[in-house]
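K.L.:
Take a look at the following structure, please.
The values are calculated or read from the model by the stated rules, or taken from the named source; none is laboratory data. Since we're looking at a predicted model, the values are computed, not measured. Positions of Cβ are generated from backbone atoms using ideal geometry, with glycine treated the same way; all protein chains shown enter the neighbour counts. When the accessible area is computed, the model is the full protein with side chains, heavy atoms only, and any ligands, DNA or RNA have been set aside. Shrake-Rupley method; radii C 1.70, N 1.55, O 1.52, S 1.80 Å.
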Amino acid sequence: MKVFKKLTVTALTAVIAVTASFAGIAAAADSLKGKITVNGSTALLPLTLQAAKEFQKLHPKVKIAASGKGSVTGPQAVKKGIADIGACDWDASIDVPGFKAFDGQVANKVAVIPFATIVNKNVGVDNLTTEQLAGIFSGKITNWKDVGGSDANIVVITRSFGSGTRVNYQAKALGGGDIVKKEKNYKETGSSGDMKTAVATTPNSIGYIDLVYVTGSDIKAVKFNGVAATTDNVINGSYKIWAYGYYMTKGQPTGATKEFIDYVQSKKFQNGSLKKLKFIPIAAMKG
């Protein structure tokens with residue numbers, strides 16, 4: 001009986017110790033506080049909003065405000081001191097075509113972003129080559145019949161200058177070719193959401209967007225050089241229109257900002273919510 005009591009007391013002590021340990025961990029987690037402002041890429045916005053939702057559940061004293069107006073506005077906001085994180089579809093700490101480096105900023109890689117060429121549901125084309133896309137967006141090809149479609153004028157819808165989606169699409173889908181503004185059958189949009197709406201509601205239109213936004217029956221993604229826009233094809237190297245997404249910070253991140261970025265980079269988020277949103281974990285890519 002004494003042995004039983006002794007074992008019971010020992011077990012109870014162990015339970016109390018473990019409970020206290022978990023309570024201490026929870027208290028430490030709850031002690032994290034602060035406000036994080038994220039500006040920039042609309043391509044990365046769905047990822048940021050989902051990560052913010054999950055992170056704030058873990059850390060109720062941390063408040064995260066996220067908005068998107070295009071990649072270049074992210075590092076610009078960090079430079080001005082009005083954002084802690086600048087979401088950007090390119091590494092803004094180095095020069096890229098059309099944009100100078102933002103000195104003093106650190107690029108924190110958070111995701112792989114697949115992009116897709118999209119067309120209105122009435123367009124009877126399901127594959128376009130680099131040469132054909134370059135011709136369409138430069139204005140040299142103006143009718144769908146010239147690329148295997150019906151006899152109808154092509155309406156080009158593009159993102160405004162400063163968009164990371166535009167930067168990457170020009171480089172990788174158009175082979176570095178220009179997007180030429182036209183007087184008719186041409187429109188610029190300010191966000192990924194606006195791009196989706198514009199293509200969905202404009203017959204004979206073509207545009208481009210990141211894969212997370214390719215939903216519904218009013219738009220469809222077309223193949224690029226015969227390869228479908230899928231996460232698997234990005235990973236196996238056959239689909240080439242993709243880019244890394246970054247969280248730009250002023251110097252190395254600290255405090256709640258660092259903890260948030262660490263969460264987005266964690267295996268739990270990368271292999272969970274991030275994949276469900278049609279982004280690709282950074283660890284899945286070789287380079």
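K.L.:
Per residue of region 175-185, what does 6.51 cos²θ - 1.76 cosθ + 1.60 with θ = phi - 60° give for ³J(HN,Hα)? Whole Hz please, x for Gly and Pro, Karplus curve as stated.
P.N.:
Rounded to whole hertz, the list is x, x, x, 7, 9, 9, 6, 10, 6, 9, 6.
K.L.:
Please report the antiparallel percentage of DSSP beta bridges with both residues in the chain, rounded to the nearest 5.
P.N.:
Of those bridges, close to 60 percent are antiparallel.
K.L.:
Per residue of region 35-41, what does 6.51 cos²θ - 1.76 cosθ + 1.60 with θ = phi - 60° give for ³J(HN,Hα)? Whole Hz please, x for Gly and Pro, Karplus curve as stated.
P.N.:
Values per residue, Gly and Pro as x: 10, 10, 10, 10, 10, x, 3 Hz.
K.L.:
Another question about this same structure. Stokes-Einstein at 37 °C, 0.692 mPa s, Kirkwood radius from Cα pairs: D for region 21-127 in µm² s⁻¹?
P.N.:
205 µm²/s
K.L.:
At a threshold of 8 angstrom on Cα-Cα distance, excluding pairs fewer than six apart, so keeping six or more, what relative contact order does the chain reach in percent?
P.N.:
Relative contact order comes out at 25 percent.
K.L.:
Also, quick follow-up: What order do you get for 44-52, 58-66, 188-196 when each peptide is scored by the mean count of other beta carbon atoms within 10 Å, highest first?
P.N.:
44-52, 188-196, 58-66
K.L.:
Can you list residues whose amide H is under 5 Å from residue 66's amide H, if they're 5+ apart or on another chain and H is modeled 1.01 Å from N?
P.N.:
Hits under the 5 Å cutoff: 38.
K.L.:
In whole percent, and with a 1.4 Å probe on the protein chains, what portion of the accessible area of the chain is carbon and sulfur?
P.N.:
Answer for the chain: carbon and sulfur cover 56 percent of the accessible area.
K.L.:
Quick one: net charge of residue 220's neighbours, Cβ under 13 Å, K/R +1, D/E -1?
P.N.:
Neighbourhood net charge equals +1.
K.L.:
A follow-up question, please. For the chain, what is the mean residue ellipticity at 222 nm derived from helices alone (per DSSP H run of n ≥ 4: -39500 (n - 2.57); sum divided by total residues; nearest 500 deg cm²/dmol)?
P.N.:
-10500 deg cm²/dmol
K.L.:
Return the whole-Å distance between the Cα centroid of region 215-285 and the Cα centroid of region 117-196.
P.N.:
What the calculation gives is 23 Å, centre to centre.
K.L.:
Where does the charge balance sit around residue 187 when Lys and Arg score +1, Asp and Glu -1, over other residues with C-beta under 11 Å from its C-beta?
P.N.:
Residues near residue 187 contribute +2 overall.
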